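Notes to accompany the following structure.
The values are calculated or read from the model by the stated rules, or taken from the named source; none is laboratory data. Since the structure is predicted, the reported quantities are computational estimates derived from the model, not experimental observations. Reconstructed Cβ throughout: ideal geometry from the backbone, glycine too, with neighbour counts over all protein chains shown. Remember, those area values only see protein heavy atoms, side chains included, never the ligands or the DNA or RNA. Shrake-Rupley method; radii C 1.70, N 1.55, O 1.52, S 1.80 Å.
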Amino acid sequence: MMTIYSAALLVLVASASAYTSPDPVELGTAGDYAILTKTGITTTGVTYVTGDMGTSPIGEVAMTGFTLGRSDDNLYSTSGL
């Protein structure tokens, strides 16, 4: 004879196995960024970001509050913040 506990456990296991996680989204090279945005990045004070930040299709003007310096080859900007 099935107890209420056994029945509840059976329902829980059956319902949990009915749901599966979605497949992971392949980010390609976008996965290399700590922050990647289309609209901009703003800091209003002390900010710590470990990794690269990127904006596209807009450029460095979308990063406000950071002290940006251009690379010698004019391809990217860096910040000491």
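See the values below:
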quantity	calculated
Contacts under 7 angstrom Cβ, first residue in the range 29-43 being among the acidic types (Asp, Glu), partner open to solvent by 30 Å² or more (accessible area, probe 1.4 Å), 6 or more apart	Asp32/Asp52
Of all residues in the range 30-50 being exposed (fewer than 12 other Cβ atoms within 10 Å of the Cβ) and at pLDDT below 85, the one that is nearest to Tyr76 (Cα to Cα)	Ala30
Verdict on Thr20 being modelled with pLDDT of 65 or more, part of a loop (DSSP other than H, G, I, E, B) and under 26 Å from Met63 (Cα atoms)	no
Top-ranked residue in the range 55-81 [being within 13 Å of Thr37 (Cα to Cα) and either free of Cβ contacts under 8 Å to residues at least 24 places away in the same chain or in a loop (DSSP other than H, G, I, E, B) (or both); ranked as nearest to the chain's Cα centre (by Cα)]	Thr55
Of all residues making up the range 57-68, the number that are open to solvent by less than 90 Å² (accessible area, probe 1.4 Å) and in contact with a Ser or Thr (Cβ under 8 Å, 6 or more places away or on another chain)	8
